[in-house]
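Remarks on the structure that follows.
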Amino acid sequence: MRKETIFLKLVIVALAIAVLVGSFFAIPALIQVAIEFHNRYSYLFIGGAIGVTATAILFWLITWQSYKILLLIDHDNAFSQVTVSILRLIKFFSAGIGIVYVLELPSLYVAADHMDAPGVLAIGIILTGAAIVISVFAALLQKLLANAVNYKSENDLTI
């Protein structure tokens, strides 16, 4: 089990670094374009920078919580109330990403309409749906794990 968790930890760290580097370049670029853009569409870039920042922060929180779950698995403590509370946080953070994306959809619509590129809006809708699916899946895992923890504690008391 140790090899699998090491691999997953490396993947989580690689994803966090990739998002950090991407945010490091994307956020200042969006702000710079908004400053240089002197028309009615400059607000799209400021909103995009805020959305990217919020998404990156929530993503880093999710990766940190996922890393903590892997640490609990390494210590043979996966079926605990701590894991249930971590899954609860992951559920809320991924729902937060979904909310950020829903708030960005009107801006994406205006950008897609202006650029005559409906794919931009489709990508935004797909990302929104993915964040919501992850939130629902985390909620399902939270309920299943809570039931397993309750069953385990009842079983420990009877023995």
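Loop-located trypsin sites (Lys or Arg not before Pro) in segment 4-101 (DSSP state other than H, G, I, E, B) with a sparse environment of at most 10 neighbouring Cβ atoms within 10 Å: Arg40. Mean residue ellipticity, 222 nm, helices only, the chain: the sum of -39500 (n - 2.57) across DSSP H runs of n ≥ 4, divided by residue count and rounded to 500, is -33000 deg cm²/dmol.
Close Lys pairs in the chain, defined as Cα atoms under 17 Å apart and 8 or more places apart or on different chains, number 5.
Using C-alpha pairs under 8 Å with a sequence gap of at least 6, the mean separation divided by the residue count of segment 2-158 gives a relative contact order of 23 percent. Residue order for Thr158, Thr63, fewest other beta carbons within 10 angstrom first, comes to Thr158, Thr63.
Between segment 81-95 and segment 1-74, how many Å separate their Cα centres? Comparing the Cα centres of segment 81-95 and segment 1-74, I get a distance of 18 Å.
We did not get these values from a lab; they are worked out from the coordinates using the rules stated. Bear in mind that the values here come from a model prediction, so they are computed numbers and not experimental data. Neighbour counts run over all protein chains shown; Cβ positions are idealised from the backbone, glycine included.
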